[in-house]
1. Please enumerate the residues belonging to the range 38-79 that are assigned to a strand (DSSP E or B), of a type in the set (D, E, K, R) and either at positive phi or open to solvent by 10 Å² or more (accessible area, probe 1.4 Å) (or both).
2. Restricting to the range 103-118, count the residues that are within 15 Å of PHE91 (Cβ to Cβ) and open to solvent by 60 Å² or more (accessible area, probe 1.4 Å).
3. Conditions first: (1) surrounded by 14 or more Cβ atoms within 10 Å (Cβ to Cβ); (2) among the β-branched types (Val, Ile, Thr); (3) under 30 Å from LYS2 (Cα atoms). VAL98 passes all but one, so which condition is the exception?
4. Could you say which residue among VAL121, VAL82 is surrounded by fewer than 14 Cβ atoms within 10 Å (Cβ to Cβ), closer than 21 Å to THR34 by Cα, touching a strand residue (DSSP E or B) at 6+ places or on another chain (Cβ under 7 Å) and not charged (D, E, K, R)?
5. Can you tell me which residue is farthest from the chain's Cα centre (by Cα) among those in the range 1-22 that are more than 18 Å from SER94 (Cα to Cα), among the charged types (D, E, K, R) and open to solvent by 60 Å² or more (accessible area, probe 1.4 Å)?
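The values are calculated or read from the model by the stated rules, or taken from the named source; none is laboratory data. Worth saying up front: this structure is predicted, and the values here are computed from it rather than measured. Cβ coordinates were reconstructed from backbone atoms using ideal geometry, including for glycine residues, and neighbour counts include every protein chain displayed. Heads up: the accessible areas ignore ligands, DNA and RNA and are worked out on the full protein's heavy atoms, side chains in. Shrake-Rupley method; radii C 1.70, N 1.55, O 1.52, S 1.80 Å.
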Amino acid sequence: MKIIDHNNQPREEWREGVTTLMRISAQTGAMQLTIFEQWCAPGLGAPTHRHSVEEVLSVIDGHAEIWTEDERADFSAGQSVVIPAGQRHGFRNSGQKVLHMQFTLAAPIFEGVYDGRDEPVRRWMADHGNS
């Protein structure tokens, strides 16, 4: 059994005002999922993008506006949404304090294709590579 000590995992600033903590991925030995958390300043979040796998977005603290290709909804702490594989989606902090969210992807790495970008962004691969 491998113990993963989340207290020693570093946070990364993905975008200004958006900090990310990887909890589980190929880097920690996962074979089929990625779990990470983000903290987003008011008004900030993730631009519209898609993944080739299913994703669960969960609000831990604060308020988020989450959108898909054809819907928008407001979420608060204790609420989640399942995003089907391939569906464009994004979110932003719609509250006045820092938004804390958790994400689970049905793949051992983060791979997302953002609107307006041809190449996918990949993070937390087993070889520690990021692009």
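1. Within the range 38-79, ARG50, ASP61, GLU65, ARG72, ASP74 qualify.
2. 1
3. The number of the failed condition is (3).
4. Values: VAL121 fails: surrounded by fewer than 14 Cβ atoms within 10 Å (Cβ to Cβ).
The conditions single out VAL82.
5. LYS2
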